Amino acid sequence: QVQLVESGGGLVQAGASLRLSCAASGRTNNYAMGWFRQAPEKEREFVTTISRSGGSTYYADSVKGRFTISRDAAKNTVYLQMNSLKPEDTAVYYCAASSRWGLTMVESGYDYWGQGTQVTVSS
């Protein structure tokens, strides 16, 4: 069983940066990790994922070049560095863990989810 807790969300202006953290209660070395987000009245969407080793990552086109995912195995924590934020990045951001091999970009590929953290970007 893995429990995930996100933090670091907040209200920022367009162009600012935020770093989200996802702390895991158990060892996450055997899990690929991902970030998803859900904007008001929209379906949850994939943002980025990182492999078990941290050696591979994949990003949605909407965040490529602005967001960076990383993980610290010693701290059982995954990070999402978000730069050049835009109002359309406003959403609840969720961290998730996948026991499947490789990178997974679909919700059904993830076994555990955090409760989410709100990110609001004002124009």
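The values are calculated or read from the model by the stated rules, or taken from the named source; none is laboratory data. Please read these numbers as outputs of a predicted model, since none were measured by experiment. Don't worry about glycine lacking a Cβ; one is built from the backbone with ideal geometry, like all the others, and counts go over all protein chains shown. The accessibility values were calculated without ligands, DNA or RNA, using every heavy atom of the protein model including side chains. Shrake-Rupley method; radii C 1.70, N 1.55, O 1.52, S 1.80 Å.
Couple of notes before you dig in:
- Ser123 being touching a Pro at 6+ places or on another chain (Cβ under 7 Å) and hydroxyl-bearing (Ser, Thr, Tyr): yes
- Restricting attention to segment 55-97, the residues being among the charged types (D, E, K, R), within 20 Å of Pro40 (Cβ to Cβ) and buried (at least 20 other Cβ atoms within 10 Å of the Cβ) number 1.
- Answer residue from segment 17-33, given it is open to solvent by 50 Å² or more (accessible area, probe 1.4 Å) and either touching a Lys or Arg at 6+ places or on another chain (Cβ under 8 Å) or aromatic (Phe, Trp, Tyr) (or both) and is farthest from Ser7 (Cα to Cα) among those: Asn30
- Residue-level analysis places Thr49 among those that are touching a strand residue (DSSP E or B) at 6+ places or on another chain (Cβ under 9 Å), open to solvent by less than 40 Å² (accessible area, probe 1.4 Å) and polar (S, T, N, Q).
- Residue pairs meeting the criteria (Cβ under 8 Å; at least 6 apart or on separate chains; first farther than 21 Å from Ala24 by Cα, in segment 58-71; second among the charged types (D, E, K, R)): Ala60/Glu45; Ser62/Glu88; Val63/Asp89
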